[in-house]
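The values are calculated or read from the model by the stated rules, or taken from the named source; none is laboratory data. None of the values given here were measured: they were computed from a predicted structure. Glycine also receives a Cβ, built like all others from the backbone with ideal geometry; neighbour counts cover every protein chain displayed.
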Amino acid sequence: MPRESLTDRAARAKQIVALLKKTYPDARTSLDYDSVHQLMVATILSAQCTDERVNMTTPALFERFKTVEEFASADISELEGLIQSCGFFRSKAKSIKNSAVALVEKFDGKIPQTIDQLVKLPGVGRKTASVILGAGFGIAEGIVVDTHVARISKLLKLTAHTDPVKIETDLMKVIDRDDWIRFSHMMIYHGRAICIARRPKCGDCPLARLCPSAKTTN
């Protein structure tokens, strides 16, 4: 099979996005939050933890600490106790508290709106920054690459890489910028509903005709 050109891959990606939009018209982040800072905290907690578990944890957390300033002055042991069920709670508690301290000291308690500024906050990597910008502000500065997006993008041959940053770079070349935010949400929905890692339902997949891996993953 001849190597697919970037133009052809972009055209196929456009068809993939169109089908995803029809299949998952209401795709959005499944994390619960009422402010952009709450979204940041929830996203930090979601590392190696299910969104469902995070959503069970955050109501008590957000009731106890309501503002960036309250998180900044939080007792670390109390914070750890409130988020213990999310795993890696000690490092996550440090990230949540220290990022709040940095927000207060450097940004007057406001959430910055660029990836370059966000990734300077403790516990905020590029993926978390893209979630905050996309879901919190509607700003498309990058594409969120979680495990679903990475795995399915490789199956769809939209990338050959395994490194999230390289995958993101490849996707940004073929996905229209207007779709960057929505693309990740739809791919996550698709990974949970159809393209399940251990048992992909290729026979039920709306993307099967556009997926070079469909015949080999049944």
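At least 1 residues that are touching a residue at least 60 places away in the same chain (Cβ under 8 Å) in each: list the helices (runs of 4 or more DSSP H) lying fully within segment 32-79 that qualify.
The helices (runs of 4 or more DSSP H) meeting that bar are 36-45.
Residue by residue through segment 92-105, note down the ones that are out of contact with any Asp or Glu (no Cβ under 7 Å at 6 or more places or on another chain) and either of a type in the set (F, W, Y) or touching a residue at least 12 places away in the same chain (Cβ under 8 Å) (or both).
K92, K94, S95, I96, K97, N98, S99, A100, V101, A102, L103
Tell me, please, whether a residue that is in a helix (DSSP H, G or I), under 18 Å from Y33 (Cα atoms), modelled with pLDDT under 95 and of a type in the set (D, E, K, R) can be found in segment 96-106.
Looking through segment 96-106, none of the residues is in a helix (DSSP H, G or I), under 18 Å from Y33 (Cα atoms), modelled with pLDDT under 95 and of a type in the set (D, E, K, R).
Out of all the residues in segment 169-185, is one or more crowded, with 18+ Cβ neighbours inside 10 Å, within 26 Å of C49 (Cα to Cα) and touching a Cys at 6+ places or on another chain (Cβ under 6 Å)?
No, because not a single residue in segment 169-185 is crowded, with 18+ Cβ neighbours inside 10 Å, within 26 Å of C49 (Cα to Cα) and touching a Cys at 6+ places or on another chain (Cβ under 6 Å).
If you check A150, A140, which single one turns out to be within 25 Å of I196 (Cβ to Cβ) and modelled with pLDDT of 95 or more?
Of A150, A140, the one residue that is within 25 Å of I196 (Cβ to Cβ) and modelled with pLDDT of 95 or more is A150.
Report, by residue number, each residue of segment 29-48 that is surrounded by 14 or more Cβ atoms within 10 Å (Cβ to Cβ) and either over 23 Å from L103 (Cα atoms) or of a type outside the set (A, V, I, L, M, F, W, C) (or both).
T29, S30, D32, Y33, S35, H37, Q38, T43, S46, listed by residue number.
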